[in-house]
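Rule-based calculations on the coordinates, nothing more; no lab input. This one's a predicted model, so the numbers in the text were calculated from it and none came from an experiment. Backbone-built Cβ (ideal geometry, glycine too); neighbour counts: all protein chains shown.
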Amino acid sequence: MGVAEALSIKSEADELISSYVHCLDDDRIEEWPEFFTEDGVYKIVGRDNVDRNLPIATMSCHGKGMMKDRVNAIRNASVYSPRYLRHLVGSVQVVGQEGESHLVQANFVVFQTLQDEETKVFMAGKYRSKIVFVDGSPKFQEKIVIYDSLQIPGLLVIPL
Amino acid sequence: MATTQQPAAHIERLWPKEGISRIPYWIYTDPAVYDLEQQKIFQGPAWNYVGLEAEIPKPGDFKATFIGDIPVVVTRTLDGSLKAFVNKCAHRGALVCREHFGNAKDFTCIYHQWRYDLSGKLLAVPFRRGVPEGDIRVGGMPDDFQMAEHRMQALKVEAVNGVVFASFDHGMTPFREYLGELMMYYFERVFDGRPLRSLGRMSQKIAGNWKLMAENIKDPYHASLLHVFLVTFGLFRADQKSKVEMDETGRHAVLVSRKGEQKASEGTSDIARLKSDYVLHDPSLLNRRKEFKDENTVVMQTLFPGLIIQQQTNTLAMRQILPKGPHHFDLVWDFFGYADDDEEMAGFRLKQANLMGPAGLVSIDDVEALEMCHKGFREHPEEAAVLEMGGRDSRNENHMVTESAIRGFYKYYREIMGWA
């Protein structure tokens, strides 16, 4: 891959991740599945389980259908108190390529603000993504959210 | 090791005269009650869940966890036997084992490097004989210092079909007797001796008293009302065939139910949250396979004091309740399957885990409810909960519209805490 192409991938990945976190933070979660390919995989996993090679995921969606179901549950089924989330994403790094997909990683921190409480760090971790281009637009074929904050404060409702 | 138990703090409080149909809110918030619980319950005559054998399969494997709020370590020693001890150096009280899981030959305290074997027995004390100075040695431990008198406090251990329990009480009755015949039947329904496979853990910090979590799984009344997901898809609902059963003391319980359909019935008219038009884009979340000898699809068992054994369709987990002061507890979920699960079954377990845990489509609701209750307790510690659903006693019932098992828990709790 030439330098120009590499920079272009990095820039596309950066834009995708940036749009993704604004979508979540702006509470437009209905749009969240659209960042993925039809059969895209989304998982939130604890770093301890990754280190010990154990398969359980705190949240997992295989395909957009399950993502839409998660959104529907958040809006219409689950009971939780109102909250704001705010993502900060570190510098995006393209670390390799597997066939058509680009392997991309970035650190993140999420702050959570509950009503009547001060803002607290909710979670720190890393995004490990496989990004592909569908009709020229970048999409997540896979997005694994690996979290360091193993003691989750209260609830994890909204995807990270 | 010589330990002197302090006499239990005297608590100048009286239980409401109605008995177990009232739960005073101060039992959730008073630090003196919390301290007494640690002593009388967690460090008392109880079998506390500490892990699955599958988590520490090899000699030298260890797991650091808690009994109540006391750090403990469970190990597999070189001869394959299981040991457990309090994670505290016999010298100055420092925490010795600082990793959750690992494999070790021995344990060494970082401070003065007292070294212990895998059972917590003291092996070596640096400079025990002092240092040479000319012809003599200076410093060191007194000549009559006995290594054998100083060790990390040993706990009694019993492994039952792959599940490891430990107790501070070395006179503890065998686990089978602690559970009683009926509770043992349900325990062995899941733990029938087949080797288990650990699938990993999740953990969350909840702003409430630990007893709220135990009560939640003894309370089928809420499940039909709070959980849209359960009731809508018939995973657990008041109009389904179900029962609530306890051991003779009331301290352990099970909620048992069979899956129903996504439809309204006469029995569901009070369930405001049943949504018959709720559809899943991907219904594979509800795919399941029958795997137990009966037709029950949910068996949630609570073992005193702090263990919940979860079987919801094919998702299996141990939920360990770890108190962290009166106002918080950690809930640790150890998910597991069986070593011989085929790929399809392993897939069901992992997918259905979406229902449970800190992000669970069902369990999210409970945490919110518990935290709201605890807020109320802190503001009004002199008031009491009214638990009269299904009567005022603690009988086994063949329906879900009852708080009988919560009353059973408090029947035993009052005895052991001295309010009977």
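Below, the figures for the structure above:
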item	result
Residue-averaged [θ]222 nm for chain B, counting only DSSP H segments that reach four residues, each worth -39500 (n - 2.57)	-6000 deg cm²/dmol
Convex hull projection area averaged over all views, the protein assembly as shown, Cα basis, nm²	32.3
Stokes-Einstein D for region B:52-138, Kirkwood Rh over Cα pairs, 10 °C, 1.306 mPa s (µm²/s)	114
Evaluated at q = 0.07, 0.10, 0.11 Å⁻¹: base-10 log I(q)/I(0), Debye formula over Cα of chain B	-0.37, -0.72, -0.86
Inter-chain shielding of B:331-339 (mean C-beta neighbours from other protein chains, 10 Å cut-off)	2
Relative contact order of chain B, pairs being alpha-carbon contacts under 8 Å that are 6 or more residues apart, as %	20
Förster radius 30 Å - calculated FRET efficiency between A:Gln97 and A:Leu150 (Cβ-Cβ, nearest 0.05)	0.45
Selection from B:Val125, B:Val74, B:Phe187 lying farthest towards where the dipole of chain B points positive, charges on Cβ	B:Val125
FRET efficiency, 1/(1 + (r/R0)^6) with R0 35 Å, evaluated for B:Lys243 and B:Ser284 via beta carbons	0.75
Lys, Arg +1 and Asp, Glu -1 on Cβ, resulting dipole of region A:3-147 about Cα centre, debye, nearest 20	460
Assigned charges on the beta-carbon of Lys, Arg, Asp, Glu; region B:33-180 dipole about Cα centre (debye)	240
Length released on extending from B:Asp192 to B:Asp277, taking residue separation times 0.36 nm less the Cα-Cα span	26.6 nm
Rh (Kirkwood; distinct C-alpha pairs) - region B:180-417, Å	18.4
Helical mean residue ellipticity (222 nm; -39500 (n - 2.57) per DSSP H run of 4+; nearest 500) of chain A	-8000 deg cm²/dmol
Taking N as its residue count, the alpha carbon Rg of chain A over 2.2 N^0.38 Å	1.04
Cα-based reach from B:Lys243 at 14 Å (exclusive), listing aspartates and glutamates while leaving out same-chain residues under 8 positions away	B:Asp219, B:Asp294, B:Glu295, B:Glu397, B:Glu403
Dimensionless Rg/Rh of region A:37-102 - Kirkwood Rh, Rg from C-alpha atoms	1.02
Helical segments meeting 24 Å axial Cα length and Kyte-Doolittle 0.5 threshold in chain B (DSSP H)	none
Within straight-line cross-link reach of A:Lys68, aspartates and glutamates at Cα separation under 18 Å, skipping those fewer than 8 residues along the same chain	A:Asp25, A:Asp26, A:Asp27, A:Glu30, A:Glu31, A:Glu34, A:Glu38, A:Asp39, A:Glu142, B:Asp277, B:Asp282
